[in-house]
Amino acid sequence: MKRISLGHGAGGSLTAGLLDNLFLPELGLPGRAQLGDAAWTGRGMAFTTDAFVVDPPVFPGGDIGRLALCGTVNDLAVSGARPLAVSAAFILEEGVELGLVRQVVRSMAGASREAGVPVVGGDIKVVGRRQCHRLYVVTSGIGRGTPGRVRRRARPKDKVLVSGPVGDHGAAVAWARLGMPAQGAPVSDCAPLWEVVAALLERCPGTGPMRDPTRGGLATALLELAESSSVGVELEEAQIPLGSRTRAATSVLGLDPLYLACEGRLVVFARPDAVDGVLDVLKSYHPAAAVIGTVTRDSGQVLLKTAAGGLRRLQLETEGQLPRIC
């Protein structure tokens, strides 16, 4: 393949190949197994950066402004760093509606207040018509914490927990992109996660690893962690929480909710003796939080015990079900 496709940005195996064969070696960075959602830069400071090109920019439950703020805060949070500040750069297409830009900026400001993380700087660029699609947002964030406070590797016999229903964000964006009726639409779970992470760090020491399952959803997050930790994961389909609207929407649209992005959910690995405490914390934030699986010694393998009693092996999708999800 000599040209970039939309699939290269969808979080599946094309994305992994682009990182492994181009970006990481050219920039002199370590392999994907050593990378996290944020980089520790010394003296307890963490740094992360992200770009947001979601289509459409407004969707049930949020918009690109809220998404960008929450996404950056959450990458710091799951790394164990308290988010301190965010910067935001806006790339605007000539002709984009000023009302949309105002809505997005106000939404980012609201999410900033909700998360308790200020937007301290940024930039604005305008490009010609059709040189971008309405508007894009690029954010960076800094946080403070203790490297290693969140365990990086999963271990056999760890339990896998999720903080609420999965796939809501991806389902909401897909529904809006296709112009489906507003009535009964799935709603994005887009929300900041530091509060729940802070509670876990305080009440459940040694918890981890943690992931926010964004591009590629729950399945991809678990596959990546299984690879980096040289372990396997066995999931119980019947235990994975799924909202009724997302269940109906994915059935209609032919999408697999396990591979759809979440933007306000936390995947947590916990020792067997710590599971009850972790679940109590997660349930205090969402009643649908659940234990959904167990870590095994089957290196890199993620298996799903289906509700029908069979076994399904989860694998990285090639191009992803839904590009431009975040």
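The values are calculated or read from the model by the stated rules, or taken from the named source; none is laboratory data. What you see is a predicted model, and the numbers here were worked out from it, not measured in a lab. Cβ placement follows ideal geometry from the backbone for every residue including glycine, while neighbour counts extend to all protein chains displayed. All accessible areas refer to the heavy atoms of the entire protein, side chains included, with ligands and DNA or RNA removed. Shrake-Rupley method; radii C 1.70, N 1.55, O 1.52, S 1.80 Å.
The table that follows gives values for the structure above.
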{"item": "Pairs with Cβ under 8 Å, 6+ apart, first in segment 232-252 and free of Cβ contacts under 8 Å to residues at least 24 places away in the same chain, second of a type outside the set (A, V, I, L, M) and crowded, with 17+ Cβ neighbours inside 10 Å", "result": "ARG247/PRO257"}
{"item": "Among the candidates ARG247, ARG215, residue that is open to solvent by 40 Å² or more (accessible area, probe 1.4 Å), more than 21 Å from GLY309 (Cα to Cα) and not in a strand (DSSP E or B)", "result": "ARG215"}
{"item": "Segment 278-295, residues that are open to solvent by 30 Å² or more (accessible area, probe 1.4 Å), under 26 Å from SER228 (Cα atoms) and either of a type outside the set (A, V, I, L, M, F, W, C) or modelled with pLDDT under 95 (or both)", "result": "THR294"}
{"item": "When residues of segment 82-140 are limited to those that are of a type in the set (Lys, Arg) and touching a residue at least 40 places away in the same chain (Cβ under 8 Å), the one surrounded by the fewest Cβ atoms within 10 Å (Cβ to Cβ)", "result": "ARG106"}
{"item": "Conditions (1) crowded, with 16+ Cβ neighbours inside 10 Å; (2) assigned to a strand (DSSP E or B): number failed by THR49", "result": "(1)"}
{"item": "Long-range neighbours under 8 Å by Cβ, at least six apart or interchain, first residue among the aromatic types (Phe, Trp, Tyr) within segment 188-216, second crowded, with 24+ Cβ neighbours inside 10 Å", "result": "TRP194/VAL73; TRP194/ASN74; TRP194/LEU76; TRP194/ALA77; TRP194/PRO83; TRP194/VAL117"}
{"item": "Leading residue by the ranking (surrounded by the most Cβ atoms within 10 Å (Cβ to Cβ)) among those in segment 260-269 that are of a type outside the set (Lys, Arg) and closer than 12 Å to HIS169 by Cβ", "result": "ALA261"}
{"item": "Segment 13-24 residues that are among the β-branched types (Val, Ile, Thr), paired with ones that are open to solvent by 30 Å² or more (accessible area, probe 1.4 Å) (beta carbon under 8 Å, 6 or more apart)", "result": "THR15/GLY9; THR15/ARG215"}
{"item": "Condition broken by VAL233, with the remaining ones in (1) open to solvent by less than 10 Å² (accessible area, probe 1.4 Å); (2) assigned to a loop (DSSP other than H, G, I, E, B); (3) among the β-branched types (Val, Ile, Thr) satisfied", "result": "(2)"}
